[in-house]
1. Go over the candidates Gly264, Gly254, Gly234 one by one and state the one that is small (Gly, Ala, Ser), away from the ligand (no atom under 14 Å from the Cβ) and either touching an Asp or Glu at 6+ places or on another chain (Cβ under 9 Å) or more than 26 Å from Leu75 (Cα to Cα) (or both).
2. Name the pairs whose Cβ atoms lie under 6 Å apart, with the first residue in the range 250-265 and within 12 Å of Leu189 (Cβ to Cβ) and open to solvent by 80 Å² or more (accessible area, probe 1.4 Å), the second modelled with pLDDT of 95 or more and within 10 Å of the ligand (Cβ to nearest atom), and 6 or more positions between them or separate chains?
3. Any residue in the range 99-107 that is assigned to a strand (DSSP E or B) and closer than 13 Å to Pro2 by Cβ?
4. Could you tell me whether the range 204-217 includes any residue that is within 16 Å of the ligand (Cβ to nearest atom) and closer than 28 Å to Ala149 by Cβ?
5. Only one residue in Gly215, Gly244 is surrounded by 14 or more Cβ atoms within 10 Å (Cβ to Cβ), closer than 23 Å to Gln166 by Cα and either without any contact (Cβ under 8 Å) to a residue 60 or more places away in the chain or more than 15 Å from the chain's Cα centre (by Cα) (or both), so which one is that?
6. Kindly provide the set of residues from the range 225-240 that are in contact (Cβ under 8 Å) with a residue 40 or more places away in the chain and either open to solvent by 50 Å² or more (accessible area, probe 1.4 Å) or within 13 Å of Glu6 (Cβ to Cβ) (or both), ordered by number.
Amino acid sequence: MPELPEVETVRRRLEPALVGRRFVDVEIRDPRLVRPLEPAEVAAELAGERVAALDRRGKYLIVRFESGRSLLIHLRMTGSFRHAPRDSLDGDPHTRAVVRLEDGSDVVYRDVRRFGTWLLLEPPELDPYLAERLGAEPLERTFTPKRLAAALAGRRAPLKAALLDQRTLAGLGNIYVDEALWRARLHPLVPAGEVTDEAHLRALTRAIKDALRAGIARQGATLRDYAQPDGSRGRMQTEFKVYGRDGEPCDRCGTPIEKIRVAGRGTWFCPVCQRRDEL
Ligand SMILES: [Zn+2]
């Protein structure tokens, strides 16, 4: 599932293709993408819009139009984009939508599992929609140990579960939470509200930023479906410190990485570097 680094990679790659261009024609092939609205109705609304900016907030892509409206896209499990010359991507059974741009290229949205969503919002709707669902943006300067402390305060959920909650912090998923906790030397099952020590909060803030930046620097991680808009894979999957590495030696201490389940998700950690009794 694409997390912040994968979505940010898609954003950076699509930005030059989209910004300043007009949506000449839009075809929405899968009604699930825009439900409960009618695909033809949404497609007609999008046609003619010109892109002013392509932004990201957490795991959402935000296509901002010159009209002030925005298209909020969530890739969920397997959503991805391809950008290529017109009609060159025909024949893909997983294509859910096609945007024809005025320069003769197509932006094609594909989604094997079909959980992705496209939501067209009027100007006053975007900020409240996001504010209700998302906490701090971890790579912004405003995300500090103090801000993290406030988001974790009083919470009894395991630290990993709290970090997966998009209202705590936007953009983290199963991979980058495990990677960040290993970097911070914190056990995934520690109750979130017990992380109150200055040094731990500083380490975790830094670890979250570092893990995400490492992912972005390698164009994200391709486990199954994720690909960049030119079809190429990410490279982060070969550099995980713990994720998916049970039984392999910890990079720091050589102890075999262990796998447990937290909040229903496979969770990898080093039992020596990340000791639960150290808090
Ligand atoms: Zn270790």
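The values are calculated or read from the model by the stated rules, or taken from the named source; none is laboratory data. Keep in mind the model is a prediction, meaning the values are calculated, not measured. Glycine also receives a Cβ, built like all others from the backbone with ideal geometry; neighbour counts cover every protein chain displayed. Heavy atoms of the whole protein, side chains included, go into the accessibility calculation; ligands, DNA and RNA do not. Shrake-Rupley method; radii C 1.70, N 1.55, O 1.52, S 1.80 Å.
1. Criteria check complete, one pass: Gly234.
2. Glu258/Pro271
3. The answer is no, given that none of the residues of the range 99-107 is assigned to a strand (DSSP E or B) and closer than 13 Å to Pro2 by Cβ.
4. yes
5. Checking each option against the conditions leaves just Gly244.
6. Selection gives Asp225, Tyr226, Ala227, Gln228, Pro229, Asp230, Gly234, Met236.
Per-residue answers, yes or no, for (1) in a loop (DSSP other than H, G, I, E, B); (2) within 23 Å of Glu8 (Cβ to Cβ):
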position	(1), (2)
Leu201	no, no
Gln219	yes, yes
Tyr243	yes, yes
Cys273	yes, no
